[in-house]
Amino acid sequence: MRRRIFAAVATGLALAGGGAAQAADPPAFKPIRSDEDYSYLKSRPVLEGGDRLRFLPLTEDGETYLTLGGEARLRVDSFDAPRFGLGGAQADVYGLGRALFSADLHLGSRLRVYGELGLHRDIGKKDPPAISDRDGLDAQVAFVDLTPDAARRWRLRLGRQEVSLNPTQRFVSVREGPNIRQSFDGLRVTRQTPGLRLEAFYLRPVVIQTGAFDDSRNADQRFYGVYASRPLNKAVTLDLYAIALERDGVRFGGVRGDERRTSLGARLAGKRGAIDYEAEGMVQGGRFAGRDIRAWGGSLGGGYTLARAWSPRLGLRLDAGSGDSNASDGRLETFNPLFPKGAYFNETGLTSWSNLLAVRPSLGLAPRRDVSLEVSYLIRRRQTGDDAIYLQPSTPLAPVGADRSWAVGDAAQLDATWQVNRNLKLQAQLVHQSAGDAIQAVNGRAVDFGMLIAQFRF
């Protein structure tokens, strides 16, 4: 068996790029690699190219099999003024390298063991690495799945895992943009039927250390809740959820204390003809350092795709998150976006959901089936001038001062993606972020940012 595994790895790696294209229409890679299912290959008498990695039978009947996969990604950033030029951040051009290798062992239809190792490095960065830049060889994902029923409607997942509750990933994301993706340790139970997906989970975020095999669960944070998603028809989906986040010893403004925050939310997404739309809203309550939490956040957006060459899509999106309008009234009104998708706005990390009002018109184009372009313009304001300007995920740029200006600044943005083949994807982003009155009041300045990503998956 060992010889068969080594032979499959060697052959599959050699053929992963070109051979994958020769196989009969393998599915696209999923945002979370552990969601991929290659059991359909059991019925194929001959496996070619990358299929030799995707399905490695370990028993004669093929019920026990191994799937191997991985990723190599290089991201290069050019930043002339990180943090709007505040805090001593230097203009810089640097690289971020990511290497992942996964093994997915299926022991029949009821038991599965999945593991993914990761190695992450920053290359030539002048400033100290961010928490998501650098990590030694460590377990990015490591879980066991148990499926107790023959109909496979129930799944119990125990261990280290990545979590995405809906495709947009506004408030719970895998954090694909930064170098190190977001992982959690804990338990997740899923019930899936054609008419309902129900998730219940109790998780702790993983604390990243820079050594080898030293990442651990965060003992000061607990993240738990339930999430339900139901298709109302073939084109419309409704999600409802209740989520709690508990954090010990965190700071808001000049106050440090324990945060006990509950979020109730709903999401509606659909499509009708050439029109697509999505709305999501969340209200938050709880306690922080003896103060009541009363916060909110949400988004409303949509687009219209014209039946023309390059399939132009005209889009408009409104995003908002509450800020604290009075630091001395016994309430905390700053919205906490939980574990947000940073690239939801752009890859600069300069825009957070906390204390936000934003409008984003956009134009998307598809000159080829494997190429996409988007031009967008983000108009950003503070929801209240009495709270700070926040960076990703919810970090104050500077203490609240005497200035109460709302205008943070606008961002003109160009995105381009080329899916060269199934395995290789190239991405680029250019952003010019202006400095509004609120930024200039703290001596910040405009920002120019560029990013290139080359990502190879197998």
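The values are calculated or read from the model by the stated rules, or taken from the named source; none is laboratory data. These numbers come from a predicted model, not from an experiment. Don't worry about glycine lacking a Cβ; one is built from the backbone with ideal geometry, like all the others, and counts go over all protein chains shown. All accessible areas refer to the heavy atoms of the entire protein, side chains included, with ligands and DNA or RNA removed. Shrake-Rupley method; radii C 1.70, N 1.55, O 1.52, S 1.80 Å.
Taking the condition in contact with a strand residue (DSSP E or B) (Cβ under 9 Å, 6 or more places away or on another chain) and crowded, with 19+ Cβ neighbours inside 10 Å, does Pro337 pass?
Considered against the rule, which asks whether it is in contact with a strand residue (DSSP E or B) (Cβ under 9 Å, 6 or more places away or on another chain) and crowded, with 19+ Cβ neighbours inside 10 Å, Pro337 comes out as yes.
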Identify, please: which residue in region 59-79 is out of contact with any His (no Cβ under 7 Å at 6 or more places or on another chain), over 13 Å from Phe456 (Cβ atoms) and not charged (D, E, K, R) and is, among those, surrounded by the fewest Cβ atoms within 10 Å (Cβ to Cβ)? Thr59
For region 368-397, name all the residues that are assigned to a loop (DSSP other than H, G, I, E, B) and more than 20 Å from Asn326 (Cα to Cα). Arg369, Asp370, Gln392, Pro393
Which condition does Phe345 not pass, out of (1) of a type in the set (A, V, I, L, M, F, W, C); (2) closer than 18 Å to Gly321 by Cβ; (3) at pLDDT 95 or above; (4) open to solvent by 40 Å² or more (accessible area, probe 1.4 Å), if it passes all the others? (4)
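Mind telling me which of the residues Thr384, Thr348 ends up being in contact (Cβ under 8 Å) with a residue 60 or more places away in the chain and over 30 Å from Val420 (Cα atoms)? Can you show your working first?
On the way: Thr348 fails: over 30 Å from Val420 (Cα atoms).
One residue alone meets the criteria, Thr384.
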Take the residues in region 398-421 that are in contact with a Gly (Cβ under 7 Å, 6 or more places away or on another chain) and outside any loop (DSSP other than H, G, I, E, B); name whichever of them is surrounded by the most Cβ atoms within 10 Å (Cβ to Cβ). Val408
Are any residues in region 197-217 surrounded by fewer than 17 Cβ atoms within 10 Å (Cβ to Cβ) and more than 16 Å from Leu158 (Cβ to Cβ), and if so, which ones? Leu198, Val207, Gln209, Thr210, Gly211, Ala212, Phe213, Asp214, Ser216
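Table: residues versus (1) more than 23 Å from the chain's Cα centre (by Cα); (2) not in a strand (DSSP E or B).
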site	(1), (2)
Leu240	no, no
Glu246	no, no
Gly270	no, no
Ala279	no, no
Gln284	no, no
Asp292	yes, no
Ala309	yes, yes
Go through region 425-458 residue by residue and tally those that are of a type in the set (A, V, I, L, M), touching a residue at least 60 places away in the same chain (Cβ under 8 Å), touching a Gly at 6+ places or on another chain (Cβ under 7 Å) and not in a helix (DSSP H, G or I). 2
Residues of region 169-196 classified as open to solvent by 40 Å² or more (accessible area, probe 1.4 Å) and in contact with a Pro (Cβ under 9 Å, 6 or more places away or on another chain), total: 4
Applying the selection to region 313-334, what residues are open to solvent by 20 Å² or more (accessible area, probe 1.4 Å), in contact with a Ser or Thr (Cβ under 8 Å, 6 or more places away or on another chain) and assigned to a loop (DSSP other than H, G, I, E, B)? Ser325, Glu333
Within region 388-413, tally of residues that are free of Cβ contacts under 8 Å to residues at least 60 places away in the same chain and under 20 Å from the mean Cα position of the chain (by Cα): 4
Going by the structure shown, is Pro231 in contact (Cβ under 8 Å) with a residue 40 or more places away in the chain and either in contact with a His (Cβ under 9 Å, 6 or more places away or on another chain) or not aromatic (Phe, Trp, Tyr) (or both)? no
If Ala130 passes every condition in (1) open to solvent by less than 70 Å² (accessible area, probe 1.4 Å); (2) over 22 Å from Arg457 (Cα atoms); (3) in a strand (DSSP E or B) but one, which one does it miss? (3)
